[in-house]
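As C-alpha cells, the structure follows; a few thoughts come after it.
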Amino acid sequence: MFLPGLAECPAPRMLGISPAFNNLVFFVYQRDLDSFIFPSRPEGDNMRRYWILLIAVVVVSFSVLGWVGLRIRAGAPPMPSG
Amino acid sequence: MTTADGRKVIEDGDIAAGQNVWQAMGGMEMGSVWGHGSYVAPDWTADWLHREAATILDRWARAELGRPYEALDPPQRAAYRERLRLMMRVNTYDPGQRTIVVDPVRAEAIRATAAHFEDVFARGRADYAIPAGAQTDPSSLRRLTAFIFWTAWAACTERPGTRVTYTNNWPFEPLVGNTLTGDAWIWTGVSVIVLLAGIGAMAWWQASRHGEPDPDPARRPSADPLLHTRPTPSQRATVKYFWVVSLLILVAGSMTGQWLSVMNRLGTGTAWFYLGHSGYAYIDTGRLWQIVLLVGLLLWLFLVARAAWPALRDPDPGTRSLLALFLLASVAIAGFYGAALGYGRHTNLAIAEYWRWWVIHLWVEGFFEVFATVVIAFLFARLKLVSTGTAGRSVLLASAIFLAGGIIGTAHHLYFSGTPAVVMALGACFSALEVVPLLFVGYEGLENLRLSRATPWVRSYRWPIYCFVAVAFWNMVGAGLFGFMINPPVALYYMQGLNTTPVHGHAALFGVYGWLGIGLMLFCLRALRPEAAWKEGPLRFAFWCINGGLMAMILFSILPVGLLQTRAAVEHGYWYARSAEFLHSPGMNTLRWLRVPGDSIFALGALVLVGFVFGLATGHSLDRSHPNPLEEEQG
C-alpha cells in the first residue's frame, strides 16, 4: 500500500504539525502498517510482531481492569455498622 | 441505623451478618440482588424498594388525607411522589459513626417490608419456588431482611456529590426517581458507534486477507495422519484423574456441602463459608471446594504442560506459537479460577461482584474463546489441513482481537452493582468491541466447512468439524447478536435479570462451549480408532435435534418472555417485570410452557448422542460394512 505524495502533503504543515513528525508518520505508515496488513516479511518475524501485539493488549487491558477494581473499592456503597 | 429521634431501626452488625445468612441460604440462586442471580423469585432489591416506597406513600395519604394513596387524585399523588423522592434519595450516611439516620415514617415502612420478607422466607411462596421453612431462625430472618434493605438503600441513595444513586439509579423505579442516567444514554450511543467502527475496521482487515493464497492443496496428506496413533498410557491414566478429582471429590463433596448449607444444617458459624454455599452464582461452592477445584485445575494444567513442553522446541515458529498460545490459554483457564478466592466472608457485595465476574467473564468471554480458537486451529494443523504458520498467525491475531475487548469488557457486568460511572463507560465501549469478531466468525465457520470437504479421508472427521461450525454459528448468534441485545447500558438498565439474559446465556454457553466440548470429544473418539467407520445416522439426528431444540427453546419461549418482561419493566418499573403477579399471568404461563417442545427435542438429541458414544464402546455405533483402511494398508 502506498499513497504517493503523502510526505509532501501541505495539510500537516497547515495544521501546525512539524515536517519531522509528518515524515515519521509517513515512515511508520509506509513501512509498518503496510506490511502489517500485507505481510511479506519472514514468518518468524511476523509471528514475533503478533506476539508483541498480544502481550501489549493483555498488559494494558489488565492494568485498566485493575484500576477499575480500585475505583470500585473506593466507591462501593458503605455498609453501616447497624 | 436509627431514626432522627434516636430509636434503633436495624441492630448493630445485622446488615453484614445478614449478607452471610443470604449467602448460606444460596444467595443468588434464590432470586437476585442488584439484578444478579436467578429469575424465578423476585429481585429482592427492586421488590423491597417498591414495597417500602409504596408503604410510605400510603401512610402519608392515610394520615394526612384519610384515604389510601391509590384513591388520591393524580396531582395529589404527584406531590407525594416528589416528597418521597426527596426523602429517599438523600444520603444520611455518616462515615465517622458508620450510621444511617432515617425518617420515622420510613422506619415504619422498613419494619412493615421486613415483616413481609420474613413471612416469605419462613412460610414460603410457591410462586417464588421458596419452600416453607426456608429460614425459620428469628435472628437470621432479622439479619437477612436487614441485608436486603441495605441493597435497596444503596439503590435509591445518591452518591455524595452526585445526583445518581450508588447503583447508577438501577432499578428503574419511578416512585423514588430512579430513571436512566445521562451516562447511560451517552455511553450507549458511544458503544454503538464503537461497534460500527470496529465492524468497519474488521471488514477492512478481512477484505485485505482475501487475497492471501490458500495452503497448497498438494501438500495435504493423502491419508489420515492420525491413522497410526494410539493413546499413550498417560493419556489413558487421565481417565482415572477425571473420575476421582472431578466426580468423587469435587462434585459429590461440593453438592453435599451446598445442600447442607441451603437446608440450614451447617449452623450459624463459619462452616457454611468453607464447606457450604458461597451464595454467588457460578462460583457457588464453599471455599474448601473452590480450593480443591483450583488445585484440580492446576493438576490438569500440569498434565497438559508436561505433554506439550517438549514440542515447544519445534523449529517451526507456527507450531511453537500455536503450542505456546495453547499453554497460555490453559494457564489462564486454570489460574483465573483463583480470582474466586478474591472475596472473603465480609467483603462488600460490590467488590465480591468484581471478583466473581473476573472468573465468569474472563473465562467465558476471554480465555475460553482463546482456548477454543487455538484448539480448533491446532486440530486442523494436526490433520495437516492448514499450515502451522497460517494457523499460528490467525490464532495470535484472533486472540489479540478477542482480548482487546474481552478483558476490559468485564466491566459491562458491573454497570449497576454499586460501581461508579467510569465502569459503565469502559464496560459499554469495550464490550461492544467484543461483539465485532463474533459477527465475522462466519468466515471461520465457512473455512471449517471447506476443510471438511478438503480430501476424502477428512469425511470421517466431518461430525466433529460440523460441531466446530455450530460453535461459529452460536458464537455469532448467541454471543454476538443476543449478547449485544442486552449489552448497552440503556438496554441492560431494563433487561438485567430478565429472561433476555438467559437468551444470551443459553445460546452462547451451550451453543459455543457445549458444541466445542462435544466436537472435541468426537474428535478424540475419532482419533482413538480412526480405522473404524461410524454409523452416522444417530450423529446426524443428535446434531440437528440439539441445535433445533436450542433454537426452539429460545425463539418460542425465553426470548418472547424476556421481551414482554422488558416492556413491563419500561411501563411499570423493574419490580413488576419480576413479580409473580406478572410472571404467573395466563399469557406468560403459556409462553413458559412453550419451552417444553424445544427442551424435549434438545433432550432427545442429547440422549441419542450419549447412546452413540456408549455404542462406540459396545460396537453398536460402528459401521462394519465399511472397509478398514489399516487392513487395506497391510493387505
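No lab work stands behind these numbers, since they all come straight from the coordinates. These figures come from a predicted structure and were not determined experimentally. No Cβ is skipped: glycine too gets one built from the backbone with ideal geometry, and neighbour counts run over all protein chains shown.
Estimate the FRET efficiency between B:GLU82 and B:THR590 by the formula 1/(1 + (r/R0)^6), using the beta-carbon distance for r and 35 Å for R0, to the nearest 0.05. Spell out each step's value before the answer.
Numbers: r = 40 Å, r/R0 = 1.14.
Working from the Cβ atoms, E equals 0.30.
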- Task: Could you pull out every residue, at least 5 positions away or on a different chain, whose amide H is within less than 5 Å of the one on B:VAL386? Hs are placed 1.01 Å off N in the peptide plane, and Pro or chain starts have none.
- Result: B:ALA381
- Could you tell me what percent of the DSSP beta bridges with both partners in the protein assembly as shown are antiparallel, to the nearest 5? 75
- Item | Other-chain or far-sequence residues with amide H under 5 Å of B:ALA533's (modelled H) | B:ASP623
- Query: Once label points are set 7 Å from the Cα along Cα→Cβ at both B:ASP314 and B:THR268, what is their separation, rounded to one decimal in nm?
  - Reply: 6.1
- With everything on Cα atoms, drop me the angle between helix B:441-452 and the longest principal axis of chain B, reported from 0 to 90° to the nearest 10. 30
- What is the helix-to-structure angle for B:349-361, meaning the angle in degrees between its Cα long axis and the longest Cα principal axis of chain B, kept from 0 to 90 and rounded to the nearest 10? 20
- Query: With no solvent and one point on each alpha carbon, what is the Debye value of log10 I(q)/I(0) for chain B at q = 0.08, 0.10 Å⁻¹?
  - Reply: -0.66, -0.98
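Tell me what chain B gives for mean residue ellipticity at 222 nm when only DSSP H runs of n ≥ 4 count, each as -39,500 (n - 2.57), the sum divided by the residue total, rounded to 500 deg cm²/dmol.
Working: 28 runs with 385 residues, N = 635.
Rounded to the nearest 500, it is -19500 deg cm²/dmol.
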- Which whole-angstrom value gives the distance between the alpha carbon centres of the stretch B:372-437 and the stretch B:567-619? 29
- What is the gain in length, in nm to one decimal, between B:THR92 and B:GLU571 on full extension, counting 0.36 nm per residue of separation less the C-alpha to C-alpha distance? 169.4 nm
- Note on the structure: Per the 1/(1 + (r/R0)^6) rule, R0 = 35 Å and r from the Cβ atoms of B:ARG459 and B:SER234, FRET efficiency to 0.05 is 0.70
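Looking at the stretch B:101-179, which trypsin sites (Lys or Arg not before Pro) are DSSP coil and have at most 11 other C-beta atoms within 10 Å of their C-beta?
Working: sites: B:ARG106, B:ARG111, B:ARG123, B:ARG125, B:ARG142, B:ARG143, B:ARG163; in loops: B:ARG163.
Within the stretch B:101-179, the qualifying trypsin sites (Lys or Arg not before Pro) (loop, at most 11 other Cβ atoms within 10 Å) are B:ARG163.
To the nearest whole number, what is the average tally of beta carbon atoms from other chains within 10 Å of the beta carbons of peptide B:394-402? Walk me through the intermediate numbers first.
On the way: counts 1, 2, 8, 4, 1, 5, 9, 3, 1.
Taking all residues of B:394-402 together, the mean is 4.
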- Length-normalised contact order of chain B, Cα under 8 Å, at least 6 apart, in percent, tallies to 15
- Message: With bins 10 Å wide starting at 0, give me the P(r) of the protein assembly as shown over every alpha carbon pair, in whole percents.
- Response: 3, 13, 21, 24, 18, 12, 7, 3, 0, 0, 0
- Cross-link partners among lysines for B:LYS535, C-alpha distance below 28 Å, same-chain residues fewer than 8 apart left out? B:LYS384
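To the nearest whole number, what is the average tally of beta carbon atoms from other chains within 10 Å of the beta carbons of peptide B:408-419?
Values: counts 8, 2, 5, 6, 0, 0, 3, 0, 0, 3, 4, 7.
Average per residue, whole number: 3.
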- Item | Candidates per trypsin sites (Lys or Arg not before Pro) in the stretch B:1-91, loop by DSSP, up to 14 other Cβ within 10 Å | B:ARG7
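Give the order of B:TRP593, A:TRP51 when sorted by the count of other beta carbons within 10 angstrom, beginning with the fewest.
Working: B:TRP593 10, A:TRP51 17.
Ordered by Cβ neighbours within 10 Å, fewest first: B:TRP593, A:TRP51.
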- So for the stretch B:77-196, what are the equivalent ellipsoid semi-axes in whole Å, largest first, each being the square root of 5 times an eigenvalue of the Cα gyration tensor? 31, 21, 15
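How shielded is A:53-63 by partner chains, expressed as the average number of their Cβ atoms within 10 Å of its Cβ atoms?
The per-residue average across the peptide is 5.
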- Query: Could you list, bin by bin from short to long, the percent of Cα-Cα pairs of the stretch B:442-555 in 10 Å steps?
  - Reply: 14, 39, 28, 13, 5, 1
- What percent do you get for the relative contact order of the stretch B:199-352 when only Cα pairs under 8 Å and 6+ apart count? 14
- Task: Could I have the simple spin-label model distance between B:ASP623 and B:GLU531, label points 7 Å from Cα toward Cβ, reported in nm to one decimal?
- Result: 1.9
- Helix B:515-528 sits off the longest principal axis of the Cα atoms of chain B, rounded to the nearest 10 on a 0 to 90 degree scale, by 30
- Message: 7 Å from Cα along Cα→Cβ at both A:VAL60 and A:ARG73: what's the point-to-point distance in nm?
- Response: 2.5
- For the stretch B:1-144 (alpha-carbon point model, no solvent) the Debye-based log₁₀ I(q)/I(0) at q = 0.10, 0.20, 0.21, 0.22 Å⁻¹ works out to -0.40, -1.29, -1.33, -1.37
- Message: With a cut-off of 8 Å between alpha carbons and a minimum separation of six or more residues, what is the relative contact order of the stretch B:1-121 in percent?
- Response: 27
- Give the span of the stretch B:339-470's Cα atoms along each principal axis, as three whole-Å numbers ordered largest to smallest. 60, 29, 24
